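Since the structure comes first, as structure tokens, the remarks are kept for the end.
Only the coordinates and a few stated rules stand behind these numbers; no lab work does. This structure is a prediction, so every number in the text was calculated from the model and none was measured. Positions of Cβ are backbone-derived with ideal geometry, glycine not excepted, and every protein chain shown enters the neighbour counts.
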Amino acid sequence: MKTDKILLDHGSGGKISHRLTQELLLPVFDNPILAELNDGAIFELNGRRVAFSTDSYTVDPIFFPGGDIGELAVNGTVNDLAMCGAVPAYLSAALIIEEGFPTEQLQAIVASMGRAAEFAGVQVVTGDTKVVPRGAVDKIFINTSGLGVIPAAVEVACHRAQPGDVIILSGTLADHGVSVLARREGLSFDTTVQSDTAPLNHMVRAMFAAAGGGIHVLRDPTRGGLGTALNEIAEKSGVGIRIHEERIPVKPEVAALCELLGFDPLYLANEGKLIAFTAPEDAEAVLRAVRSDPRGRDAAVIGECSADRPGRVYMQTRIGGTRIVDMLAGEQLPRIC
Amino acid sequence: MTIKHSEEYRDAELSRRLVEKIRQTSRRPIRLMEVCGTHTVSIFRSGIRSVLPQTIALLSGPGCPVCVTDQAEIDAFVALARQPGVTVATFGDLMRVPGSASSLQREKAEGRDVRIVYSTVDALAIAQKDPGRQVVFLGVGFETTAPTVAAAVAAAAGLKLANFSVISAHKLVPPALEALMAIEAVRVDGFILPGHVSVIIGLDAYRPFFERHRLPCVVAGFEPTDILQAVDMLVGQIEADRPALENAYPRAVSADGNAKARKVLAEVFEPADACWRGIGRIPASGLRIRAAYAAFDAERRFGLTLPEAKPPKGCACGEILTGKKTPPECALFRKVCTPLDPVGPCMVSSEGTCAAYYKYSDA
Ligand code: SF4
């Protein structure tokens, strides 16, 4: 690694985070399951395929329009499991709390974790709490891990996209990223954008019921956004991807705030959206299944895969031009003026 | 702050019609320079280059505020961050720009107090909240940003704040245009002038420049259709041999600009010579804090001197900012210099030309 200190960029979910994983973590924990680098690990236990995933949640602010860190922590791991094609079953929860944190806020966060678990149909079956001296963490960090079983007919992974596949996005882009940004200290935009944090397992179940083996890749474009997720899939599957700007749903408020700050919604986080790569003949059925979920009403077919330019993602722009969509490099920083 | 969304200006149909018209009118091979970094990004993001006819080459000019900031100024920012008791407040873009030995981002990782703010007002608020620390705002930007900085300095004076100051590295657009014309190798047939800057200074601010050079000049907004509109007007002027100073962004830009913003600007700042990366010293192209507000001038408060600093070796930012080269012509582009390991500021800033080429084009 070229830097002798870890920078915030290393946590951005973009290229620099990948480099950290590739150069520092993979060589140590070298094994074929990890090497797949899916949203969760997929392996066999007693003849059943199981998905296992973990994620730590740090968000500023901890309460944001449309949700809070507790809900996010449950939904995030539920979604990681769902993206492996698994039916999420059990979760663990570990809380690291800063000394002096208001009990009332902790109660609110835990209650919201409870509601999220119930809604997703998972149980939190083990946990841990630690309290650290003031300043050792920022208010509260939460880690959740989860376990789920993958039904026999289901086979989704990042490397399974095929030329001809159709790409479905389940709703509007960048809502979570913008809702958090707008509430950050120093930014006081009066916007009505709410985080999209939500469990996706119910939607995924409906999708498999509609198309089963026709779904090749599932992904929730969280950190790093849609742009980064598509690049990973293009690279791992060895396909070229083309998306169409005018078909990508973005709320007007989100587009406006992004423009103001010089941010690209393609690289902002989503916490309740998925992308699905499906065989063309199944696309319509899958799209219908997604749209039948209340969180998937704005779903759209946004692009397709081809054998041309493997590993590359292109965008057909609104004015009929073409440009590349690259992976996010480091964190997006607000620009001058 | 309320936000007006601009989807309505993104009319795909209108864009297609404009492209069609440009294709029909454009005969002569021409080079148009977009002076503003926000234009550069919009042009790349919307794929405008891919729809324009071969006759039209778009060049990016010295309009990315981070990119034109002199190496010595970046070094001064880093030096400030290292001073004990100092909190540096900055726009995000500047964080990664490599100075001669370090960057603000690195200094922050070392534990120095460097904070990203979204406006000067936020920096002022930090100073009020923490009287024990000297808060220095890094004033980088053009006529668009400078009035807000001026307003903050005036407010700090009103509040008699003893722990707030500004280092002014602001730059002015019209003198830079003038300086560009003086560089021999620069060949431009028309300018797409910046929208936001023009909102403040007004169309007439370019009049003397236009009268001296009689080159086609059009002020443009930032939507793809705005830019295509400006290109269409420029092509029209060139093909008809009738250079003019025109406004393709009348919904935001007036003849004399924003009087209030200009007043506070003149109250706090006065023109001064400034060093531009790639161009060098340009007379009266920067802004210095007036003597009446000397207490808020970080350069004076901290006795900063800006030692000569050389730009990074092999970096062609200077030639790129003046339209003499495009990023793929820089030997380091993509090979050594990437957004992750930027060598020059043009690769760092989200509005930098090298970053735009890297992110959005195949070149
Ligand atoms: S590619 Fe890098 S080194 Fe070359 S001009 Fe651009 S910023 Fe400088």
### Check: the protein assembly as shown dipole with +1 on Lys, Arg Cβ and -1 on Asp, Glu Cβ, in debye
1300 debye
### Query
Short version: ³J(HN,Hα) in whole Hz for each residue of segment B:284-295, in order, from phi by Karplus 6.51 cos²θ - 1.76 cosθ + 1.60 (θ = phi - 60°), x for Gly and Pro, what are they?
6, 10, x, 10, 10, 6, 5, 4, 4, 10, 3, 4
### Query
Which percent of the Cα-Cα distances in the protein assembly as shown go past 49 Å?
17 percent
#### Entry: Extreme residue, positive dipole direction of segment B:317-360, given options B:T322, B:P342, B:Y358 (C-beta unit charges)
B:Y358
### Summary
Taking Cα atoms only, helix B:71-82 is inclined relative to the longest principal axis of chain B by an angle, in degrees rounded to 10, of 30 degrees
### Query
Taking the Cα centre of each part, how many Å lie between segment A:102-132 and segment B:226-262?
57 Å
### Pairs beyond 29 Å (Cα-Cα), from A:K273/B:K108; B:K129/B:K359; A:K251/B:K325; B:K171/B:K313
A:K273/B:K108; B:K129/B:K359; A:K251/B:K325
### Query
How large is the charge dipole for chain A, taken about the Cα centre, if only the Cβ atoms of Lys, Arg (+1) and Asp, Glu (-1) carry charge, to the nearest 20 debye?
340 debye
### Message
Placing unit charges on C-beta atoms (Lys and Arg positive, Asp and Glu negative, everything else neutral), compute the dipole magnitude of segment A:166-324 about its Cα centre in debye, rounded to 20.
### Response
140 debye
#### Entry: Charge-dipole axis of the protein assembly as shown as Lys and Arg at +1 and Asp and Glu at -1 on Cβ define it, positive-most pick from A:F43, B:V88, A:P199
B:V88
### Query
Using the Cβ atoms and a cut-off under 12 Å, what net charge is assigned to the surroundings of B:Q237, where Lys and Arg are +1 and Asp and Glu are -1?
-2
### Message
Nearest 5 percent is fine: what portion of the DSSP beta bridges confined to the protein assembly as shown is antiparallel?
### Response
55 percent
### Query
In whole Hz, what ³J(HN,Hα) sequence does segment A:56-63 give by Karplus (6.51, -1.76, 1.60; θ = phi - 60°), x for Gly and Pro?
10, 10, 9, 9, 10, x, 6, 10
### Message
I'd like the distance between the alpha-carbon centres of segment A:18-64 and segment B:120-138, rounded to an integer number of Å.
### Response
41 Å
### Task
Could you bin all the Cα-Cα distances of segment B:292-345 into 10 Å bins starting at 0 and give me the percent of pairs in each, rounded to whole numbers?
21, 33, 18, 22, 6
#### Entry: Estimated D of segment A:166-324 in µm² per second, where Rh is the Kirkwood radius over Cα pairs and Stokes-Einstein applies at 25 °C, 0.890 mPa s
154 µm²/s
## Note on the structure
Under the helix-only model (-39500 (n - 2.57) for each DSSP H run of 4 or more, divided by the residues of chain B), the mean residue ellipticity at 222 nm, to 500 deg cm²/dmol, is -11000 deg cm²/dmol
### Query
Can you tell which of A:T103, B:N163, A:A279 lies farthest toward the positive end of the dipole of the protein assembly as shown, using +1 and -1 charges on the Cβ of basic and acidic side chains (Lys, Arg; Asp, Glu)?
B:N163
### Summary
Once phi for every residue in segment A:155-168 is put through the Karplus expression 6.51 cos²θ - 1.76 cosθ + 1.60 (θ = phi - 60°), the whole-Hz ³J(HN,Hα) values, with Gly and Pro written as x, are 8, 10, 6, 4, 9, 9, 5, 10, x, x, 4, 9, 9, 10
### Summary
Cβ-Cβ cut-off under 15 Å around A:S145, Lys and Arg +1, Asp and Glu -1: the net charge is -4
### Query
Angle, helix B:146-159 long axis vs. longest principal axis of chain B, Cα atoms, 0 to 90°, nearest 10?
20 degrees
### Query
Which value, in nm² and rounded to one decimal, describes the direction-averaged projected area of the C-alpha convex hull of segment B:11-311?
16.2 nm²
### Query
Restricting the count to DSSP beta bridges whose residues both fall in chain A, what percent are antiparallel, rounded to a multiple of 5?
75 percent
#### Entry: C-alpha long axis of helix B:224-239 to longest principal axis of chain B, angle in °
60 degrees
#### Entry: Amide H partners (placed H, <5 Å) of A:I150, local residues excluded
A:R49, A:V50, A:A51, A:V87
### Query
Does chain A come out rounded, prolate or oblate by the C-alpha gyration tensor, with a ≥ b ≥ c the root eigenvalues, rounded set by a/c under 1.5 and, if not, prolate when a/b is larger than b/c and oblate if not?
rounded
### Task
Would you calculate a helix-derived [θ] at 222 nm for chain A, using -39,500 (n - 2.57) for each DSSP H run of n ≥ 4 and dividing by the full residue count, to the nearest 500?
-8500 deg cm²/dmol
### Query
What Kirkwood hydrodynamic radius do you get for segment A:11-107 when you take the inverse of the mean 1/r over all pairs of distinct Cα atoms, in Å?
15.8 Å
### For A:A299, net neighbour charge (Lys/Arg +1, Asp/Glu -1) across residues whose Cβ lies under 12 Å away
+3
### Summary
One finds the C-alpha centres of segment B:304-328 and segment A:289-315 to be spaced, in Å, by 41 Å
### Query
Hey, if you drop one equal point scatterer on each alpha-carbon of segment B:317-360 and run the Debye formula without solvent, what base-10 log of I(q)/I(0) do you get at q = 0.22, 0.24, 0.26 Å⁻¹?
-0.60, -0.72, -0.85
### Query
With a 10 Å Cβ neighbour count serving as the proxy for reagent exposure, in which order, fewest first, do A:T54, A:T129, B:T338, A:T77 appear?
A:T129, A:T54, B:T338, A:T77
## Note on the structure
Amide H contacts under 5 Å for A:G238, restricted to residues at least 5 apart in sequence or on another chain and with H modeled in the peptide plane, are A:G311
### Task
Report, by chain and number, residues whose modeled amide H sits under 5 Å from the one on A:G67, excluding near sequence neighbours (fewer than 5 apart, same chain).
A:S195
